[in-house]
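The values are calculated or read from the model by the stated rules, or taken from the named source; none is laboratory data. The structure presented is a predicted model; accordingly, all values stated were derived computationally and were not measured. Here the Cβ positions follow ideal geometry from the backbone for every residue, glycine too, while neighbour counts run over all protein chains shown. Heavy atoms of the whole protein, side chains included, go into the accessibility calculation; ligands, DNA and RNA do not. Shrake-Rupley method; radii C 1.70, N 1.55, O 1.52, S 1.80 Å.
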Amino acid sequence: MLQAAVPRRRRTPRLPFPVLPEELVVWDILVRLPAKALPRCRAVCRSWRRLTSTADFLLAHHRHQPSLPLVFFHGQIRDSSCNVWSDSDLDGFDLRGATAERRPILHFNDFSHPREYKVYASCDGLLLYSLHDSIFYICNPATRQRKVLPSLSSTNVVGMYRHSSSGEYRILYLRKEYRDSGYHMLTVGSYANPRCIGLPAAAVSGPIRQYIAAGPLFVCEHPPVLLHSCLHWIIYRSRENALVVFDTVSESFRRMSRPVAVNGRWRHLLDIDGALGISHMDESKTMVKLCVLQDYDTEVWSLKYQIELPMVELRGAGMNCRFEVFVASEEGDLLVFCSSLCHIFHCDSKGKLLQKFQWRHVCSKPIGHWFKESLVRHAFFQGQESDHAVHFF
């Protein structure tokens with residue numbers, strides 16, 4: 001019996017699988033590597049060296065780097081002759097993994113006496129700090145470059161930022177002298193004299209204006225946050241806190257509305273994924289609240305995290321220890337430290353204790369600054385060399 005022929009199904013032609021250009025794939029991988037790994041990658045071939053040396057790549061690499069909270073460590077070393085040397089480190093804490101990773105940034109050792117130093121600003125991978133001899137420096141730990149700045153002794157350094165239109169890095173400081181009082185602007189790498197911008201305008205009235213004129217308090221312990229081309233500070237008063245803003249474009253001060261969800265003494269300002277955040281500890285010192293500025297233009301705040309501290313584990317480390325709490329990530333990670341016991345505790349946003357770090361004979365403390373590596377090279381570092389007082393990793 002004859003059977004009707006079954007018609008064959010027409011096969012739909014398959015579209016070719018999209019193949020990404022090799023250079024784009026390599027870019028997407030290399031741009032996420034830590035700064036220390038890139039020199040080895042540049043040695044692989046000329047194309048990789050050319051790719052990772054462009055300005056666009058260096059800026060993209062900086063944007064992909066994690067923002068790490070900085071922790072200060074200071075201890076002492078005794079040699080066989082019982083000589084005491086100072087030993088100071090500035091490290092970043094990477095909290096992205098299952099366990100926190102300590103990343104060394106700077107190491108100081110002058111082999112004579114304790115060298116106390118202060119960090120005033122961290123901006124675009126640059127650190128502004130001063131040593132015990134009142135000399136100010138700006139450095140880039142990733143490129144291992146450092147520059148001595150003009151004398152800023154007897155001044156109150158309050159912040160550093162990149163000027164958006166000129167691309168210059170400027171340092172804002174307050175000088176208190178009879179004939180030259182007021183806020184001044186120092187441009188890094190410029191031979192011009194610092195420019196005086198005076199005191200806050202009358203628009204910032206009342207006691208707040210007096211506080212700004214006296215200088216934002218405790219800048220090293222409670223540093224400003226740079227967002228939307230503005231520096232933001234907490235100004236502490238006897239019973240009230242205030243938010244003060246310096247617009248780096250108009251070079252003027254103003255006051256910002258405060259969040260309603262928190263009362264009492266605020267702790268720190270921080271950058272929460274491009275939004276301004278404020279941390280606060282309640283009166284019982286067992287709970288931390290984090291408020292975030294949802295709308296910068298209308299100044300609308302909302303409560304993002306309410307974290308109860310694991311007091312049983314913390315008090316187990318030291319009954320009489322006074323704890324200080326830093327919100328250290330966008331996910332609400334906390335760094336709780338007790339300086340008398342040289343302990344730092346890492347807790348998550350649910351209040352669960354994840355890790356405990358302990359160092360003997362070492363004073364450790366989060367300093368409130370965040371650091372983000374950058375391999376961008378700046379012209380103002382040319383001709384500058386480091387010395388034995390600082391060691392880059």
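Side notes on the structure shown:
- Answer residue from segment 80-109, given it is at pLDDT 65 or above and part of a loop (DSSP other than H, G, I, E, B) and is surrounded by the most Cβ atoms within 10 Å (Cβ to Cβ) among those: Leu95
Yes/no per residue for (1) modelled with pLDDT of 80 or more; (2) within 30 Å of Val31 (Cβ to Cβ); (3) touching a Phe, Trp or Tyr at 6+ places or on another chain (Cβ under 6 Å); (4) not basic (Lys, Arg):
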residue: Phe345; (1), (2), (3), (4): yes, no, no, yes
residue: Gly351; (1), (2), (3), (4): yes, no, no, yes
residue: Gln355; (1), (2), (3), (4): yes, yes, no, yes
residue: His361; (1), (2), (3), (4): no, no, no, yes
residue: Phe371; (1), (2), (3), (4): yes, yes, no, yes
residue: Arg377; (1), (2), (3), (4): yes, yes, no, no
residue: Phe380; (1), (2), (3), (4): yes, yes, no, yes
residue: Gln384; (1), (2), (3), (4): no, yes, no, yes
residue: Phe392; (1), (2), (3), (4): no, yes, no, yes
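- Scanning segment 43-67 for residues that are part of a helix (DSSP H, G or I), modelled with pLDDT of 90 or more and not charged (D, E, K, R) turns up Ala55, Phe57, Leu58, Leu59, Ala60, His61, His62, His64.
- Within segment 19-42, the set of residues being aliphatic (A, V, I, L, M), surrounded by fewer than 12 Cβ atoms within 10 Å (Cβ to Cβ) and at pLDDT below 85 comprises Val19, Leu20, Leu24, Val25.
- Criterion (out of contact with any Cys (no Cβ under 7 Å at 6 or more places or on another chain), farther than 19 Å from His228 by Cα and modelled with pLDDT under 85) met by exactly one of Ser190, Ser181: Ser181
- Identity of the residue in segment 44-61, of a type outside the set (D, E, K, R) and free of Cβ contacts under 8 Å to residues at least 24 places away in the same chain, that ends up surrounded by the most Cβ atoms within 10 Å (Cβ to Cβ): Thr52
- For the residues Arg322, Arg315, Arg255, the requirement of being surrounded by fewer than 15 Cβ atoms within 10 Å (Cβ to Cβ), basic (Lys, Arg) and either at pLDDT 80 or above or assigned to a loop (DSSP other than H, G, I, E, B) (or both) singles out Arg322.
- Residue satisfying all of: in segment 140-155; open to solvent by 30 Å² or more (accessible area, probe 1.4 Å) and of a type in the set (Lys, Arg); farthest from Arg195 (Cα to Cα) among these: Arg144
- Scanning segment 327-343 for residues that are touching a Ser or Thr at 6+ places or on another chain (Cβ under 9 Å), of a type in the set (S, T, N, Q) and modelled with pLDDT under 85 yields a count of 1.
- No other residue among Ser130, Ser112, Ser154 is at pLDDT below 80 and within 25 Å of Leu231 (Cβ to Cβ) apart from Ser154.
- Considering residues of segment 283-301 that are in a strand (DSSP E or B) and farther than 18 Å from Lys350 by Cα only, the residue most open to solvent (accessible area, probe 1.4 Å): Gln294
- Some residue of segment 210-226 being at pLDDT 70 or above, in a strand (DSSP E or B) and under 30 Å from Val325 (Cβ atoms): yes
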